[in-house]
Amino acid sequence: MKTLPLDEALKTCAEIGYSNVEIALNAGYPTEPKVFTPEARKAAVQQLAALKLDAPCLMVNISLTVDEKTHAQALQTIRDAAQVARDLNAANPPIIETVLGGKPATWEEQKAGMVEHLQSWAETAEKEKTTIAIKAHVGSAVNSPERLLWLLEKVKSPAIQVAYDYSHFELQGIDMEESMKLLLPRTKFIHVKDSVGEPGKFQFLLPGEGRTDYVKYFTALKKHGYQGPVVVEVSGQVFNKPGYEPVAAAKKCYSALAGALAKVG
């Protein structure tokens, strides 16, 4: 909902029936930290409470596969996000979630440097008393549950956890149940969206537009005891298309997911 004022976006989500929203802190959003003023943050807190909406997570886009100058900027992004989180909920601040950058083919040559940078992320997050949930991405160096778990094993920090998004695994033919079994024990946040294609050529879709069986999906989440938020992610491949309507998209996603949830009970 990048094109909507925050108050309108929150009101719309609550009216549709959502119980959680993710707030994007990326450039160009009304909640980008440098334009999301203290007054606006205070108003958001009051509106979230009035609407009975939770904001469990903040989206940032930072990368582990960058030069040292850009890495230093990423650490500042984490600090800025942690401040937004405290301003939104001092008692239970939202966590931060991000992808990790790079390309699948560069994993072997970049993984040592990624560990080094992730260690710095962890140290910064620990100082800021925040958690960063990191996500595997079909087009990134960390594209599989195994690579994600390898990083977590190398950087043993409670401040680094998992953001689970099955769409990236579905494109690679990775089994849903197996990916959940591996990652849900460390998962603090879930994105849902659909996809079509293959790793080299793919298109992300809204939930319900693709091949994901959400009755099976929510049944598996229930089986594994996941209790955290499940939040729709509308990909830039979708929201940057001409004619994209954020309110219509939110309604369509809710309808698809609520129907599956009702069947699962």
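The values are calculated or read from the model by the stated rules, or taken from the named source; none is laboratory data. Note that the structure is a prediction, hence the values are computed from the model and not measured. When we count neighbours, we look across all protein chains shown, and the Cβ atoms used for this are built from the backbone with ideal geometry, even at glycine.
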The listed residue being touching an Asp or Glu at 6+ places or on another chain (Cβ under 8 Å), surrounded by 14 or more Cβ atoms within 10 Å (Cβ to Cβ) and in a helix (DSSP H, G or I), out of LEU182, LEU221: LEU182
Among (1) of a type outside the set (Lys, Arg); (2) assigned to a loop (DSSP other than H, G, I, E, B); (3) under 21 Å from ALA163 (Cβ atoms); (4) modelled with pLDDT of 95 or more - the single one ALA250 does not satisfy: (2)
Test: residue in segment 150-161 that is buried (at least 16 other Cβ atoms within 10 Å of the Cβ) and in contact (Cβ under 8 Å) with a residue 60 or more places away in the chain: yes
Among (1) in contact (Cβ under 8 Å) with a residue 40 or more places away in the chain; (2) within 22 Å of PHE202 (Cα to Cα); (3) part of a loop (DSSP other than H, G, I, E, B), the one test that GLY228 misses: (2)
Flag for HIS137 being at pLDDT 95 or above, surrounded by fewer than 21 Cβ atoms within 10 Å (Cβ to Cβ) and in contact with a Leu (Cβ under 8 Å, 6 or more places away or on another chain): yes
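Rundown of residues vs (1) free of Cβ contacts under 8 Å to residues at least 24 places away in the same chain; (2) not charged (D, E, K, R), yes/no style:
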residue: GLN172; (1), (2): no, yes
residue: MET176; (1), (2): no, yes
residue: MET180; (1), (2): no, yes
residue: ARG186; (1), (2): no, no
residue: GLU198; (1), (2): no, no
residue: LYS201; (1), (2): yes, no
residue: PRO207; (1), (2): no, yes
residue: ARG211; (1), (2): no, no
residue: TYR214; (1), (2): no, yes
Meets criteria (closer than 30 Å to ALA248 by Cβ and in contact (Cβ under 8 Å) with a residue 60 or more places away in the chain) for ALA136: no
Residue in segment 196-215 that is aliphatic (A, V, I, L, M) and either assigned to a helix (DSSP H, G or I) or under 19 Å from VAL264 (Cα atoms) (or both) present: yes
Check on PRO93, buried (at least 18 other Cβ atoms within 10 Å of the Cβ) and touching a Lys or Arg at 6+ places or on another chain (Cβ under 6 Å): yes
Sole residue being in contact (Cβ under 8 Å) with a residue 24 or more places away in the chain and surrounded by fewer than 19 Cβ atoms within 10 Å (Cβ to Cβ), chosen from THR124, THR106, THR130, THR65: THR106
Lone qualifier among ALA163, ALA136, ALA122 - being over 20 Å from SER195 (Cα atoms) and of a type in the set (Gly, Ala, Ser): ALA122
